[in-house]
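What follows is a set of notes on a single structure, which appears directly below.
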Amino acid sequence: MNILAEELNRSLSGTCALRLLSDIGQRMYFPKGILTQSAEATERAHKFNATVGMAYHHDQPMILDAVQEQLPGLTPKEAVAYGPTAGVAAFRELWRKELIRKNPSLHDKHCSLPVVVPGLTAGISYLADMFVSPGDAVVVPDMMWPNYRLVIEERRGGKLKQYPFFDAQGGYNIAGLESTALAAAATHQRVVIILNYPNNPTGYTPSRVEADAMVAAVLRIADAGNDVLIIADDAYFGLQYEEANLRESIFARLAGLHPRLVAAKVDGSTKEDYVWGFRGGFVTFSGHGLDEHQYGALVKKLMGVIRSSVSSPAAPTQYILLKAMQNPSFHQQKEQFAGLLESRYRRVKAFLAANPAPKGLVALPFNSGYFMCFLCDGFSAEALRLRLLDDYGVGVISLQERWLRVAFSSVELEDIDELYRTIFAAVAALPRQR
């Protein structure tokens with residue numbers, strides 16, 4: 001093992017963060033190589049700096065006029081220079097301030113400085129590299145983002161352990177989460193749990209009461225002698241439409257909560273700030289009793305994962321968002337878009353309340369985010385999807401032959417009723433299983 005990895009591991013000695021690290025996580029480090037030497041030269045090379053592999057002209061990175069014309073608000077350095085491995089420092093600091101503003105419970109808690117990653121998918125994947133070894137259990141609900149399977153099972157060789165998302169009363173299945181996590185942890189006394197709210201595909205966010213019960217369940221799992229990593233996948237954070245919804249990230253309630261618990265928040269501008277193609281995300285850690293030196297060790301291991309994959313996240317999108325977030329009307333503009341999405345949500349709710357669904361099509365609970373789902377009982381969700389696509393020109397997503405996901409976020413308000421009438425008509429026209 002590299003001496004730098006050993007040093008980081010010693011920094012984490014005695015913490016559950018070290019015990020939770022995967023085989024890759026144990027070996028990972030940030031090298032004192034070209035990037036470190038270039039950073040030193042930036043500070044101390046007062047005559048010539050011949051370190052970094054970029055082309056300069058008149059003390060600025062070379063940039064084609066054809067490129068600069070497309071990015072008039074950025075300097076050549078902001079537009080085309082390499083960004084730091086962990087992200088632009090000012091962007092990271094501003095995101096941390098925003099985290100506390102949006103999650104007031106974090107005000108007096110200790111967390112790492114957020115690290116920029118190239119999209120939330122990358123954030124989930126990097127955490128899997130750091131904390132999931134082949135054969136490790138990762139607990140997720142049955143109604144989950146399908147990419148978890150590709151990341152956890154196919155890339156890292158982990159094993160997804162699933163529980164039904166909803167309980168018999170139509171609420172969040174906290175008992176199922178707890179029992180599945182305890183069973184998964186039984187062999188090695190460690191478990192990884194992914195919590196995603198608003199959830200993709202259901203569009204469901206737990207209530208504050210459910211969140212309290214969930215935190216209590218996680219504490220019981222840790223109190224039973226298990227090391228627990230909670231990954232809070234907050235891709236759709238901020239789009240809650242009902243008063244009872246948990247408005248903060250579950251990360252805020254779990255941060256620093258128990259010596260056997262590490263919480264990792266994966267979030268970003270991608271959906272929160274309506275810049276899907278920017279591929280911008282963050283990873284933030286919190287653990288009971290971890291000091292700045294230990295957070296630094298986790299961050300350096302994450303930087304090693306970034307360095308060994310994409311080298312560094314794209315700088316231009318970071319600078320664009322940094323400048324946008326400093327715009328005085330930034331939050332007002334976001335609220336306007338969130339209002340548009342909520343109006344579509346309300347329209348879907350109103351249609352479903354006024355129009356009984358065809359037999360076998362059951363609308364599942366939803367209260368937030370981009371989506372809602374139907375349970376298809378007695379017929380194939382994939383058959384319905386294909387019927388809608390081929391006969392009606394309507395695109396939706398089928399999941400596991402059981403559920404039909406509808407993204408009301410991408411349909412204009414005035415078209416919502418027609419969309420759902422079409423879905424109902426397609427169901428009525430389907431041949432049924434006997």
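Worth pointing out:
- Criterion violated by His46 - all others in (1) in a helix (DSSP H, G or I); (2) free of Cβ contacts under 8 Å to residues at least 40 places away in the same chain satisfied: (1)
- Residue count for the stretch 180-219 under the criterion of being farther than 16 Å from Phe251 by Cβ, of a type outside the set (Phe, Trp, Tyr) and out of contact with any helix residue (DSSP H, G or I) (no Cβ under 9 Å at 6 or more places or on another chain): the result is 11.
- Whether a residue is closer than 21 Å to Ser311 by Cβ and either part of a helix (DSSP H, G or I) or in contact with an Asp or Glu (Cβ under 7 Å, 6 or more places away or on another chain) (or both) was assessed, and Leu99 does not pass this test.
- Across the stretch 67-124, the number of residues qualifying as farther than 27 Å from Leu239 by Cα and in contact (Cβ under 8 Å) with a residue 24 or more places away in the chain comes to 12.
- Subset of the stretch 1-43 [of a type in the set (Val, Ile, Thr) and closer than 18 Å to Asp291 by Cα]: Thr15
- When the stretch 392-403 is filtered for residues that are at pLDDT 95 or above and either touching a Ser or Thr at 6+ places or on another chain (Cβ under 6 Å) or loosely packed, with under 13 Cβ neighbours inside 10 Å (or both), the ones remaining, listed by number, are Tyr392, Gly393, Val394, Gly395.
- Any hit, the stretch 140-153, residues being touching a Ser or Thr at 6+ places or on another chain (Cβ under 9 Å), more than 30 Å from Ser312 (Cβ to Cβ), assigned by TED's automatic domain parsing to the domain that holds Ala224 and surrounded by 16 or more Cβ atoms within 10 Å (Cβ to Cβ): yes
- Among the numbered conditions (1) touching a helix residue (DSSP H, G or I) at 6+ places or on another chain (Cβ under 6 Å); (2) free of Cβ contacts under 8 Å to residues at least 40 places away in the same chain, the only one that Gly281 does not meet is (2).
- Filter result (assigned to a loop (DSSP other than H, G, I, E, B) and of a type outside the set (Phe, Trp, Tyr)) within the stretch 1-35: Met1, Asn2, Leu12, Ser13, Gly14, Thr15, Leu21, Ser22, Met28, Pro31, Lys32, Gly33
- Residue check, Met130 touching a residue at least 40 places away in the same chain (Cβ under 8 Å), buried (at least 22 other Cβ atoms within 10 Å of the Cβ) and within 18 Å of Asp267 (Cα to Cα): yes
- Residue ID - farthest from Ser133 (Cα to Cα), chosen from residues in the stretch 154-181 that are surrounded by 16 or more Cβ atoms within 10 Å (Cβ to Cβ) and among the charged types (D, E, K, R): Glu178
- Criterion (free of Cβ contacts under 8 Å to residues at least 12 places away in the same chain and either over 30 Å from Gln70 (Cβ atoms) or outside any strand (DSSP E or B) (or both)) met by exactly one of Glu335, Glu242, Glu248: Glu335
- Residues that are outside any loop (DSSP other than H, G, I, E, B) and buried (at least 20 other Cβ atoms within 10 Å of the Cβ), drawn from the stretch 81-91: Phe91
- Scanning the stretch 49-80 for residues that are among the polar types (S, T, N, Q), assigned to a loop (DSSP other than H, G, I, E, B) and in contact with a helix residue (DSSP H, G or I) (Cβ under 7 Å, 6 or more places away or on another chain) returns Asn49, Thr51.
- Yes/no for Leu386 being among the aliphatic types (A, V, I, L, M), free of Cβ contacts under 8 Å to residues at least 40 places away in the same chain, surrounded by fewer than 16 Cβ atoms within 10 Å (Cβ to Cβ) and outside the structural domain of Asn200 (by TED's automatic domain parsing): yes
- Screening Ala338, Ala363, Ala357, Ala263 for residues that are in contact with a helix residue (DSSP H, G or I) (Cβ under 6 Å, 6 or more places away or on another chain), within 25 Å of Pro198 (Cβ to Cβ), of a type outside the set (Phe, Trp, Tyr) and not assigned by TED's automatic domain parsing to the domain that holds Ile194 leaves exactly one candidate, Ala363.
- Selection status of Asp23, farther than 29 Å from Tyr126 by Cα and not polar (S, T, N, Q): no
The values are calculated or read from the model by the stated rules, or taken from the named source; none is laboratory data. Remember, predicted model here, so these are calculated numbers, not experimental data. Don't worry about glycine lacking a Cβ; one is built from the backbone with ideal geometry, like all the others, and counts go over all protein chains shown.
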